[in-house]
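Report on the following structure.
The values are calculated or read from the model by the stated rules, or taken from the named source; none is laboratory data. The model shown is predicted, which means the values in this text are computed figures rather than measured ones. Cβ placement follows ideal geometry from the backbone for every residue including glycine, while neighbour counts extend to all protein chains displayed.
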Amino acid sequence: MATYRNGNHKGSVKVDRPLSINSSPKSSSFKSKPSPPSSGLRRSSSGSLGGSPAAAKNDAGVPGRVRVAVRLRPRNAEELVADADFADCVELQPELKRLKLRKNNWDSDTFEFDEVLTEFASQKRVYEVVAKPVVESVLDGYNGTVMAYGQTGTGKTYTLGQLGEEDTAARGIMVRAMEDILEDISLETDSLSVSYSQLYMETIQDLLDPANDNISIMEDPKTGDVSLPGATLVEIRDQQSFVELLRLGEAHRFAANTKLNTESSRSHAILMVQVKRSVKGSDSSLSSDNSNNSHMVKTFKPPIVRKGKLVVVDLAGSERINKSGSEGHTLEEAKSINLSLSALGKCINALAENSTHVPVRDSKLTRLLRDSFGGTARTSLVVTIGPSPRHRGETASTIMFGQRAMKVENMLKIKEEFDYKSLCRRLEVQLDKLVAEHERHQKAFEDEVERITLEGQNNISKAEQNYADALEKERLKYQKDYMESIKKLEEQWVPVVSVVEDVVELKNMLQNETRLRKIAEEEVNNLRSQLEQWKRSEAAGNSEMLKLRKMLEDEEHQKVKLEEEIAILQSQLFQLSFEADETRRKLDRGGSGKVLGGLDSLISQVRHPQLKDSEKGEKASIAKLFEQVGLHKILSLLEAEDADVRIHAVKVVANLAAEETNQEKIVEAGGLTSLLMLLRSSDDETIQRVAAGAIANLAMNETNQELIMAQGGISLLSMTATNAGDPQTLRMVAGAIANLCGNDKLQIKLRGEGGIKALLGMVRCGHPDVLAQVARGIANFAKCESRASTQGTKTGRSLLIEDGALPWIVQNANSEASPIRRHIELALCHLAQHEVNAKDMISGGALWELVRISRDCSREDIRTLAHRTLTSSPTFQAELRRLRIDN
Ligand code: ADP
Ligand code: MG
């Protein structure tokens, strides 16, 4: 899986993935077996609304029908009095999940729902069957919708929005959903935010900031995600602040509606909860504070984030607005007030009937809910009804709405992304830390060296000064003594009283002078030895300096190593982003196969450039990598100590070598020699395979072929073939030799170094790809030989026959694999063109194959060539006549 691209950081890549059984371990209700969509009603084993997305596993998602529950409100005080003498307009059969709508005293219609909730159903139960499965899906990374539909006063707000502060058992779906979410997520790693808005007369107003009353809807054209970027988004850390927020929203809703002179029952309230979770365990080995930086280069994956969005919608009352305007609206206003709700009805009808056109764009509500109906979200609808027979008409139409919504089929998709940004951020922090540390070290060493140098120089100049001073002092002293002695002698010389006495005195003086001179000489020696000592201490200073210089060099060396690691990091980053791009392209194309192997795919991309539109971009990326890291650096990494680095580097070189424009540069920079060295020295099969592949690519060029031969390439390739176990390695080696076989100038040398024997040796593996390369090599060789024979530069039997290739050729001449067969057919034709080979070919059974080729070969050119060869050879003709075969 290694293809490379320059490491510029792409944003997130969306990966829509269908829900699997394991992705929802908490929700037992999700795991029940699905019934086919046509069966109308489905019930999960736990009796909840939870559907069953586990079965179908494909890119389009998992089918998840919209689940619908019906809830009956208990009679209120007024109804208890006014309807005292009348029966309820509905009769519920919760255990059968049925509802009977009375037509009159003796007749009723029966409807089935996913869940039937009587007037006694507790808020807790309603939450568990209607909303809990949706909340669990959202926590697993899906979108989810919970919605209430019904006539004003039937309990929509009670079901969804009740805060339950006086009576905790009355807590509604919004409050309970948030409790479950807060319990499940981790506040350190996950994030949770909500917005709360209302839609009235096609205008969206922020309930958390009422001044913000013209919010627009944004749709992401790529993912289809719908959002309200203008609405206030509040991070939620605890339940208390969420309840406060709901209360604030409710107050604003009330105030806004009073100001507009409308009723809240005419507006739709929309709560959006966004849950962003990082998936544990995906972040494998990038430890942020690990100072041993060779660890950093090991493989790592970007973390995955799941982004589920829960939308809770308290719809406007479903009763028809009185067209006479008795609520104080003009007819135009009345139309606008109802627009969103009636558009929702139309969309649901269209979806229920599988109509090709769904008028999603007709209203803001349907645009906001496009993922909830016919989209990728898990959707649960609760339709609320009242018991009073006076509202039978509205109740009936509410029930019909619920029935149609049950037919809407969604395809659930997980919302998962690779979090490249956070990975990139962490890598950059690491990099900066290393660079700063390196800079500090370098500075400290430079300072230390400067200090020692200065100190050494000071010591030397001080010693020199001391020496000069002492010498000068002694010199002056002796000069003075000498002058005094002379003076004394002169004085004594004048009165010649007693020559003898004088002579004696002079003798004494001379002795005295001699003694003094001895002392002076000793003093000079003493000074000299002192000077010697100073020189020694200077030498010690010098060796200290040398030591420091060595340390500085080591530091420099380490810097180079760090730069190499940085280069590898960059190239890995590039590789990652390429893989991500590749994955995304795969996903875009809808393919589900895995990404092609690096070297093979790269080679094939280079050889079939017309196949890929993105080819130019990849070439540019490789070129950029080239510039950024530098070929010499990449080549030097081939000899790195760390085996992972070596593998990585040889892959990069192989990828570069697949590009014709890079080949010359690689060879010039000594890459070919390095690759051959790698073949000789490495025991790693991956390295050998990739290096052989690179050599095979370089061996397509004639100059390189000579270079490969000159550097002992044949014996290295033979040795690799002997030790290799992986057929792909053998394929690369055989491909390289096959290319060399096609060079006219190298025929004799190639054979002399065992090239043909090495080729034949590889057929033991039996893999068709390897056999095809062997056959191609033989055909190339036979063709060159044939040319040489024709030009008269070669006489005597074919070297192929000499080296015993004929039995294998004959045996595979009719191979089922067409690449093998074609090459061998050509080789046979070339061999047959020269009479010297004819006898061996007849005795080896090749004549029969030639006859077969001249008759049956599907390629006309080969058939004709075989025929011409047979008819022009007297030896073959004689044999055919002897066997009485016409040709
Ligand atoms: P809607 O939002 O559909 O207009 P409400 O939720 O405001 O209706 O309910 C109208 C009245 O009925 C409220 O006083 C509410 O407390 C009460 N009510 C609704 N459903 C129930 C129920 N299941 N049990 C008790 N009271 C309810
Ligand atoms: Mg309400």
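Among the residues of segment 74-105, those identified as under 13 Å from residue 390 (Cα atoms), touching a residue at least 40 places away in the same chain (Cβ under 8 Å) and either acidic (Asp, Glu) or part of a loop (DSSP other than H, G, I, E, B) (or both) are 75, 79, 83, 86, 87, 88, 89. Note on segment 741-770: among residues that are out of contact with any Leu (no Cβ under 9 Å at 6 or more places or on another chain) and among the aliphatic types (A, V, I, L, M), the one that is surrounded by the most Cβ atoms within 10 Å (Cβ to Cβ) is 759. Scan segment 163-208 residue by residue and report those that are of a type in the set (Val, Ile, Thr) and in contact with a helix residue (DSSP H, G or I) (Cβ under 9 Å, 6 or more places away or on another chain). 173, 175, 181, 185, 194, 203, 204 - these are the residues of segment 163-208 that are of a type in the set (Val, Ile, Thr) and in contact with a helix residue (DSSP H, G or I) (Cβ under 9 Å, 6 or more places away or on another chain). Among the residues of segment 147-161, is any surrounded by fewer than 24 Cβ atoms within 10 Å (Cβ to Cβ) and more than 11 Å from ligand 1 (Cβ to nearest atom)? Checked segment 147-161: no residue is surrounded by fewer than 24 Cβ atoms within 10 Å (Cβ to Cβ) and more than 11 Å from ligand 1 (Cβ to nearest atom).
Within segment 215-248, being farther than 22 Å from residue 203 by Cα and buried (at least 16 other Cβ atoms within 10 Å of the Cβ) holds for 236, 242, 243.
Put simply, of 297, 311, 382 the only residue that is at pLDDT 95 or above and more than 16 Å from ligand 2 (Cβ to nearest atom) is 311.
Condition check ((1) under 21 Å from residue 375 (Cβ atoms); (2) not in a loop (DSSP other than H, G, I, E, B)) across all residues:
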{"position": "136", "(1), (2)": "yes, yes"}
{"position": "142", "(1), (2)": "yes, no"}
{"position": "147", "(1), (2)": "yes, yes"}
{"position": "160", "(1), (2)": "yes, yes"}
{"position": "164", "(1), (2)": "no, no"}
{"position": "188", "(1), (2)": "no, no"}
{"position": "196", "(1), (2)": "no, yes"}
{"position": "208", "(1), (2)": "no, no"}
{"position": "214", "(1), (2)": "no, no"}
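Within segment 265-279, residues that are more than 15 Å from residue 247 (Cα to Cα) sit with their Cβ atoms under 6 Å from residues that are within 11 Å of ligand 1 (Cβ to nearest atom) and not acidic (Asp, Glu), at 6+ positions apart or across chains, in these pairs: 265/152; 265/317; 266/316; 267/316; 268/315; 268/316. Where helices (runs of 4 or more DSSP H) sit wholly within segment 742-818, those with at least 2 residues that are basic (Lys, Arg) occupy 747-752, 768-791. Scanning segment 365-394 for residues that are of a type in the set (Ser, Thr, Tyr) and within 25 Å of residue 174 (Cα to Cα) yields 366, 372, 376, 379, 380, 384. The set of residues from segment 106-151 being under 25 Å from residue 223 (Cβ atoms) and either within 16 Å of ligand 2 (Cβ to nearest atom) or of a type in the set (Ser, Thr, Tyr) (or both) comprises 137, 142, 145, 146, 147.
For segment 152-177, taking the residues that are in contact with a strand residue (DSSP E or B) (Cβ under 7 Å, 6 or more places away or on another chain) and aliphatic (A, V, I, L, M), the one that is farthest from ligand 2 (Cβ to nearest atom) is identified as 177. Of all residues in segment 99-115, none are buried (at least 17 other Cβ atoms within 10 Å of the Cβ) and within 14 Å of ligand 1 (Cβ to nearest atom). Check whether at least one residue in segment 397-415 is at pLDDT 90 or above, more than 30 Å from residue 142 (Cα to Cα) and assigned to a helix (DSSP H, G or I), and report yes or no. Yes, the conditions are met somewhere in segment 397-415. Screening segment 676-733 for helices (runs of 4 or more DSSP H) wholly inside it with 3 or more residues that are out of contact with any Gly (no Cβ under 6 Å at 6 or more places or on another chain) and of a type in the set (Ser, Thr, Tyr) returns the ranges 713-723. Looking at residue 738, is it modelled with pLDDT under 90, touching a Leu at 6+ places or on another chain (Cβ under 9 Å) and either surrounded by 18 or more Cβ atoms within 10 Å (Cβ to Cβ) or not in a loop (DSSP other than H, G, I, E, B) (or both)? So residue 738 fails the test.
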